1. Please go through (1) in contact with a Phe, Trp or Tyr (Cβ under 9 Å, 6 or more places away or on another chain); (2) more than 30 Å from residue 27 (Cβ to Cβ); (3) among the aromatic types (Phe, Trp, Tyr) for residue 77 and return the number of the only condition it doesn't satisfy.
2. May I ask you to list the residues in region 94-123 that are farther than 14 Å from residue 74 by Cα and in a strand (DSSP E or B)?
Amino acid sequence: MGQGRVSAMVAAALLLLLVLSQTELARAATYTVGGAGGWTFNVAGWPKGKRFRAGDTLVFNYGRGAHNVVAVNKAGYQTCRTVPKGAKVYTSGKDQIKLVKGQNFFICNFPGHCESGMKIAVTAA
């Protein structure tokens, strides 16, 4: 094989790797939780009909100090309690959280908020 042909094959392989890496990045989507209404009461049904993938980003928009977002486990989601202890709490009002593969659970742990439907369960493929 000639030097020029080897160089062309290497260049083609590098181009293919670049295209594949960009395709993976292009797949990641960003979703605003609750749509235009944002992260508020009665959003528990918001994920229905949507297809999420690991690496997608959820954006939680809310009035800072009025709510928060807590990444909890299934028990925390079902009981509206911050479980496990030390769960990550977001308070910026413009939180961006990347989904992990499998189940992802989020609640607002202000008194009565989760119980009023301020929680979502998202499964990412």
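1. Looking at each condition in turn, residue 77 falls short on (2).
2. 94, 95, 96, 97, 98
Read the figures in this text as sums done on the coordinates, not as results from a lab. Just so we're clear, the structure is a prediction, and the values are computed from it rather than from any experiment. Because the Cβ atoms are built from the backbone with ideal geometry, glycine has one as well, and the counts that use them run over all protein chains shown.
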